[in-house]
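Undergrad: Quick one: structure below, then a few questions.
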Amino acid sequence: MIKLLLAHLGGWTRIVVEKPFGKDLDSAEKLSNQIGELFEEPQLYRIDHYLGKELVQNLLVLRFANRFFLPLWNRDNIDNVQIVFREDFGTEGRGGYFDEYGIIRDIIQNHLLQVLCLVAMEKPVSLDSEHIRDEKVKVYFFFNAELESISVEPIKDEEVVLGQYHGYRDDSKVPDHSNTPTFASIILRIHNERWEGVPFILKAGKALSSKKADIRVQFKDVPGDIFNCEKQGRNEFVMRLQPSEAMYMKLAVKQPGLEMSTVQSELDLSYKQRYHGVTIPDAYERLLLDTIHGDQQHFVRRDELKAAWDIFTPLLHRIDKGELKPISYQQGSRGPAEADELLLRAGYVRTHGYRWIPPAL
Ligand SMILES: NC(=O)C1=CN([C@@H]2O[C@H](COP(=O)(O)OP(=O)(O)OC[C@H]3O[C@@H](n4cnc5c(N)ncnc54)[C@H](OP(=O)(O)O)[C@@H]3O)[C@@H](O)[C@H]2O)C=CC1
Ligand SMILES: O=C1O[C@H](COP(=O)(O)O)[C@@H](O)[C@H](O)[C@H]1O
């Protein structure tokens, strides 16, 4: 009926669909089938507003337009990757919705996984939206004749930490015995030539001590060290998606002065300082404009969505059945201490004694 009416009106038809796109693989596929009966894939714009964020869009340029990164972006040089979302407020009246979904469905399975694909994918043939989405979906799959095999390994229990903030169940719409996580840290491992052995740590939480979203790429130690002094940390490349867009490279330099010792410093690109007076568009603003232009590059294709649910559905079902329990954490904290322990077990080395001095604007 809708389809016939729209066709009759002429012009173009583009449907913007906002999450939740189902609750698991089966419900998402059912929804996709129902929408698919009405509209063709080129008419469907599944929105993930993280794909409209300035620094997420910058990933393609950084990775594929800079000689610096090309030879380093692989398992030979990168030790671990963190993609982190923190919010300093709780569910704030959305407890009813949130309790049905939880932090994995709300943030990790969509926003953080989309970012992961852009960090991990191979170079697309061109900026054509299908070429980009083909490469993103290959992070999940290897296509081998008729054999379709998943390249992201199944999530292991010992590589998951779930949390629920103290006071979450006080919301009248949240059941007294809710098992829904408001915090999760999960390691994904991509079994391909570029990333074998590199943990991708996806972490998201509500009611924490700070609000931020960033991508942190930590490099391996330099072999054959000749500087006989204690290292403060490893090289890191950090892209802060929000607040205050920035990207910086943490690196060792000579401690200024007479001594020959090293100190951890940074090469810093802070957007406010570098791009005076430039307004960064809101993610939705940008994505709705793309819809009007008919550009699907920053929208989620059906096969990407299916692959994303494939990865998380077994874990989500176990949480829904109460087989995995969230650890309680205090509001305004960093979340469960077990998440920091998981990070160290994954190989992350924290920098010691590094202090950032913000530039005067
Ligand atoms: N241009 C800019 O704006 C720049 C800003 N800075 C600022 O300087 C500060 C330090 O930067 P940086 O060293 O990169 O980042 P942080 O010290 O904030 O974090 C580094 C890593 O350590 C973890 N971590 C942080 N605190 C703890 C803790 N108490 N216990 C265990 N693990 C912890 C973080 O986890 P998690 O991510 O989960 O917190 C992250 O993995 C930050 O506030 C940063 O924003 C630095 C350089 C440039
Ligand atoms: O999709 C969602 O995102 C917001 C966070 O968006 P951000 O652009 O401020 O990072 C989150 O609060 C909400 O729970 C979730 O549904």
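Undergrad: Give the residues of the range 247-295 that are touching a residue at least 24 places away in the same chain (Cβ under 8 Å), over 30 Å from Gln43 (Cβ atoms) and assigned to a helix (DSSP H, G or I), sorted by residue number.
TA: Those that are touching a residue at least 24 places away in the same chain (Cβ under 8 Å), over 30 Å from Gln43 (Cβ atoms) and assigned to a helix (DSSP H, G or I): Tyr271, Lys272, Gln273.
Undergrad: Moving on to the next point. Among the listed residues Ser244, Ser185, identify the single one that is under 23 Å from Leu55 (Cβ atoms), within 19 Å of the chain's Cα centre (by Cα) and free of Cβ contacts under 8 Å to residues at least 60 places away in the same chain.
TA: Ser244
Undergrad: What number of residues within the range 63-119 satisfy the criterion of being surrounded by 19 or more Cβ atoms within 10 Å (Cβ to Cβ), more than 16 Å from ligand 2 (Cβ to nearest atom) and of a type in the set (Phe, Trp, Tyr)?
TA: Of the residues in the range 63-119, 1 are surrounded by 19 or more Cβ atoms within 10 Å (Cβ to Cβ), more than 16 Å from ligand 2 (Cβ to nearest atom) and of a type in the set (Phe, Trp, Tyr).
Undergrad: Something else now. Taking helices (runs of 4 or more DSSP H) that do not extend beyond the range 49-146, which have at least 1 residues that are within 24 Å of Glu285 (Cα to Cα)?
TA: By residue number, 54-64, 113-120, 129-140.
Undergrad: Just the residues that are out of contact with any strand residue (DSSP E or B) (no Cβ under 6 Å at 6 or more places or on another chain) and either of a type in the set (A, V, I, L, M) or surrounded by 18 or more Cβ atoms within 10 Å (Cβ to Cβ) (or both), please, taken from the range 238-262.
TA: Scanning the range 238-262 gives Glu245, Leu251, Leu258, Met260.
Undergrad: Filter the range 54-96 for residues that are of a type outside the set (A, V, I, L, M) and within 16 Å of ligand 1 (Cβ to nearest atom) and give the result.
TA: Glu54, Asn58, Asp79, Asn80, Gln82, Phe85, Arg86, Glu87, Asp88, listed by residue number.
Undergrad: Is it the case, given these coordinates, that Gln232 is farther than 20 Å from Val56 by Cβ, in contact with a His (Cβ under 6 Å, 6 or more places away or on another chain) and outside any helix (DSSP H, G or I)?
TA: Yes, satisfied.
Undergrad: Could you please tell me which pairs satisfy a Cβ distance under 6 Å, a separation of 6+ or placement on different chains, a first residue in the range 320-345 that is touching a residue at least 40 places away in the same chain (Cβ under 8 Å) and under 14 Å from Glu158 (Cβ atoms), and a second residue that is basic (Lys, Arg) and surrounded by fewer than 16 Cβ atoms within 10 Å (Cβ to Cβ)?
TA: Leu324/Arg318
Undergrad: Kindly list the number of the only condition in (1) closer than 18 Å to Thr180 by Cβ; (2) among the basic types (Lys, Arg); (3) in contact with a Ser or Thr (Cβ under 6 Å, 6 or more places away or on another chain) that fails for Lys325.
TA: (3)
Undergrad: Could I ask something else about it? Six or more apart or on different chains, Cβ under 8 Å: which pairs go from a residue in the range 349-361 that's under 11 Å from Ser265 (Cα atoms) to one that's assigned to a loop (DSSP other than H, G, I, E, B) and not acidic (Asp, Glu)? Could you list them?
TA: Thr351/Gln232; Thr351/Gly233; Thr351/Arg234; Gly353/Gln232; Tyr354/Gln232; Tyr354/Gly233
Undergrad: Next question, about the same structure. Scan (1) more than 15 Å from ligand 1 (Cβ to nearest atom); (2) touching a helix residue (DSSP H, G or I) at 6+ places or on another chain (Cβ under 8 Å); (3) within 27 Å of Val161 (Cβ to Cβ) for the single condition Asp99 breaks and write down its number.
TA: The single condition Asp99 does not satisfy is (2).
Undergrad: Looking at Phe227, Phe219, which is the one that is touching an Asp or Glu at 6+ places or on another chain (Cβ under 9 Å) and over 21 Å from Gly52 (Cα atoms)?
TA: So the residue among Phe227, Phe219 that is touching an Asp or Glu at 6+ places or on another chain (Cβ under 9 Å) and over 21 Å from Gly52 (Cα atoms) is Phe219.
Undergrad: Right, here's the next one. Of all residues in the range 255-291, which are of a type outside the set (Asp, Glu) and under 25 Å from Ile78 (Cβ atoms)?
TA: Correct list: Thr262, Val263, Gln264, Ser265, Leu267, Leu269, Ser270, Tyr271.
Undergrad: Please find, within the range 106-151, the residue that is nearest to Thr182 (Cα to Cα) out of those that are hydroxyl-bearing (Ser, Thr, Tyr) and at pLDDT below 95.
TA: Here the residue is Tyr140.
The values are calculated or read from the model by the stated rules, or taken from the named source; none is laboratory data. This one's a predicted model, so the numbers in the text were calculated from it and none came from an experiment. Cβ coordinates were reconstructed from backbone atoms using ideal geometry, including for glycine residues, and neighbour counts include every protein chain displayed.
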